[in-house]
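The values are calculated or read from the model by the stated rules, or taken from the named source; none is laboratory data. What you see is a predicted model, and the numbers here were worked out from it, not measured in a lab. Note that we place each Cβ from the backbone using ideal geometry, even for glycine, and neighbour counts take in every protein chain shown.
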Amino acid sequence: MDNAVKVSVLCTAYNHEAYIRQTLETLTSQETSFPFEILINDDASTDGTAEIIREFEARFPALIRPFYQKENLFSRDIDIYQVVFYPNARGRYVAFCEGDDYWTDPTKLQRQADFLDAHPEYAACVHNTVLRFCGGGETERPLLRREGDGDIVTADILPGMSGAYHTSSLMAKREILADPPDFYEVACKYGFGDYPDALWLSLHGPIRYLDRCMSVYRINSNPEAWSSGVDRQYGKLRQFIRGKIEMLRAFRPHAPETLLPLVDRTILEREFELMYIEGRDREQRKPPYDRLLREMPLRYRVNNLIKSAFPGVQRLYRRLRGYQ
């Protein structure tokens, strides 16, 4: 039966008591013509997440393969995917769903596996995702505005994941992701792996996009969620941008020559963004960043001029806001 497993679903969970039941219900409700397995790692949750996982483990013993950590791996900079999931996954393909996200279509795995089986030249298959903004009045919208099925290539991913796909929609060849490149290791030091994974996959073949919403990504679901931290914490956002820059520099030697101008442009844009975050407005006025400044809206350019002309006021403002 080990060899018969076609898809390994990988689910990370940490303090997801409010959401994990819905997540597991949608994962176990997949309708397939092939065997699949669900590997779920509880990263030493302090709430009732592990108990709910054990409940599903008892209900679906042949389907769910749980890993219960006694110490939190993420806080120790241990890569759960490379250390826990990939060495234990038995499927030809891997699919992803974090413990606060969920799937909305019971045919998701079947549709994606069918495509990859029929098109071995493709590295992965993705689809559209609904973004659900939690807290206050919940709102939602689709991540992508693409129309019709099509291919996602490296040039689509380089500017950022928001224009490519969300990880909850990804089904990929396990052998590719289980053998990560150096730029993946660089990104992991900064706490993210989806961006380098997408770039690495795109170097092994096109990624097929299915124009169908089949997953939900919860934003601001809890204080531990990545989406809750980057937008609200200055230090975390700054480190995230720095991580992107370092990762892209490490990615550059892997990129096809035809893509190097786009890689260099993307690095320049992230450096420009970091200058804004760190209050280095005068540097944005110098080459080669000045050409990016000229492309910005009038309001941005006027603000840059004022802050550059009165750096003392700008430093005082940033200090009062806790940005220094």
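Yes/no per residue for (1) closer than 14 Å to residue 202 by Cβ; (2) surrounded by 20 or more Cβ atoms within 10 Å (Cβ to Cβ); (3) assigned by TED's automatic domain parsing to the domain that holds residue 208; (4) modelled with pLDDT under 95:
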| site | (1), (2), (3), (4) |
| --- | --- |
| 137 | no, no, yes, yes |
| 158 | yes, yes, yes, no |
| 170 | yes, yes, yes, no |
| 176 | yes, no, yes, no |
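Please give the strands (runs of 3 or more DSSP E) falling wholly within region 114-219 in which 2 or more residues are in contact (Cβ under 8 Å) with a residue 12 or more places away in the chain and not hydrophobic (A, V, I, L, M, F, W, C). Working first, answer last.
On the way: elements: 124-133, 139-142, 150-152, 171-173, 207-219.
Per the criteria, 124-133, 139-142, 150-152, 207-219.
Would you check which residues across region 48-81 are more than 20 Å from residue 92 (Cα to Cα) and either part of a loop (DSSP other than H, G, I, E, B) or in contact with a Leu (Cβ under 6 Å, 6 or more places away or on another chain) (or both) and list them?
Start the filter on region 48-81 by keeping residues that are more than 20 Å from residue 92 (Cα to Cα), which leaves 48-61, 67-79.
Listed by number, the residues that qualify are 48, 56, 60, 61, 69, 70, 71, 72, 73, 77, 78, 79.
Working carefully through the options 116, 199, 177, find the one that is more than 23 Å from residue 258 (Cα to Cα), of a type outside the set (Lys, Arg) and within 16 Å of the chain's Cα centre (by Cα).
Details: 116 fails: within 16 Å of the chain's Cα centre (by Cα); 199 fails: more than 23 Å from residue 258 (Cα to Cα).
Answer to the check: 177.
Among the residues of region 14-42, which ones are assigned to a strand (DSSP E or B) and either surrounded by 23 or more Cβ atoms within 10 Å (Cβ to Cβ) or of a type outside the set (Phe, Trp, Tyr) (or both)? Before you say what the answer is, go through the steps one by one.
The initial filter retains those residues of region 14-42 that are assigned to a strand (DSSP E or B), namely 36-42.
Residues satisfying the conditions are 37, 38, 39, 40, 41, 42.
Considering only residues that are at pLDDT 95 or above and surrounded by 15 or more Cβ atoms within 10 Å (Cβ to Cβ), which ones fall in region 265-278? Give the derivation first.
Residues of region 265-278 that are at pLDDT 95 or above, as a first pass: 265-275.
If the condition is that a residue be at pLDDT 95 or above and surrounded by 15 or more Cβ atoms within 10 Å (Cβ to Cβ), then 266, 267, 268, 269, 270, 271, 272, 273, 274, 275 are the ones that fit.
Tell me, please, whether a residue that is more than 24 Å from the chain's Cα centre (by Cα), without any contact (Cβ under 8 Å) to a residue 24 or more places away in the chain and assigned by TED's automatic domain parsing to the domain that holds residue 102 can be found in region 64-75.
In the first step, residues of region 64-75 are kept if they are more than 24 Å from the chain's Cα centre (by Cα); the result is 70.
From what is left, the residues that are without any contact (Cβ under 8 Å) to a residue 24 or more places away in the chain are none.
So far as region 64-75 goes, no, none of its residues is more than 24 Å from the chain's Cα centre (by Cα), without any contact (Cβ under 8 Å) to a residue 24 or more places away in the chain and assigned by TED's automatic domain parsing to the domain that holds residue 102.
Could you tell me which numbered condition residue 61 fails, if it satisfies all but one of (1) in contact with a helix residue (DSSP H, G or I) (Cβ under 6 Å, 6 or more places away or on another chain); (2) loosely packed, with under 15 Cβ neighbours inside 10 Å; (3) not small (Gly, Ala, Ser)?
Result: residue 61 fails condition (1) only.
In contact with a Leu (Cβ under 7 Å, 6 or more places away or on another chain) and either of a type in the set (A, V, I, L, M) or modelled with pLDDT of 95 or more (or both): which single residue out of 45, 8, 33 fits that description?
Values: 45 fails: in contact with a Leu (Cβ under 7 Å, 6 or more places away or on another chain); 33 fails: in contact with a Leu (Cβ under 7 Å, 6 or more places away or on another chain).
Testing whether each residue is in contact with a Leu (Cβ under 7 Å, 6 or more places away or on another chain) and either of a type in the set (A, V, I, L, M) or modelled with pLDDT of 95 or more (or both) leaves just 8.
Filter region 98-113 down to the residues that are in a helix (DSSP H, G or I) and out of contact with any Cys (no Cβ under 7 Å at 6 or more places or on another chain), then identify the one that is nearest to residue 131 (Cα to Cα).
Within region 98-113, the first condition is being in a helix (DSSP H, G or I), and the residues that meet it are 108-113.
Then drop every residue that is not out of contact with any Cys (no Cβ under 7 Å at 6 or more places or on another chain), which leaves 108-111, 113.
On the way: 108: 17, 109: 20, 110: 23, 111: 21, 113: 24 Å.
Among residues in region 98-113 that are in a helix (DSSP H, G or I) and out of contact with any Cys (no Cβ under 7 Å at 6 or more places or on another chain), the one nearest to residue 131 (Cα to Cα) is 108.
What are the residues in region 286-311 that are within 20 Å of residue 242 (Cα to Cα) and either surrounded by 15 or more Cβ atoms within 10 Å (Cβ to Cβ) or touching a strand residue (DSSP E or B) at 6+ places or on another chain (Cβ under 9 Å) (or both), if any?
Selection gives 289, 292, 293.
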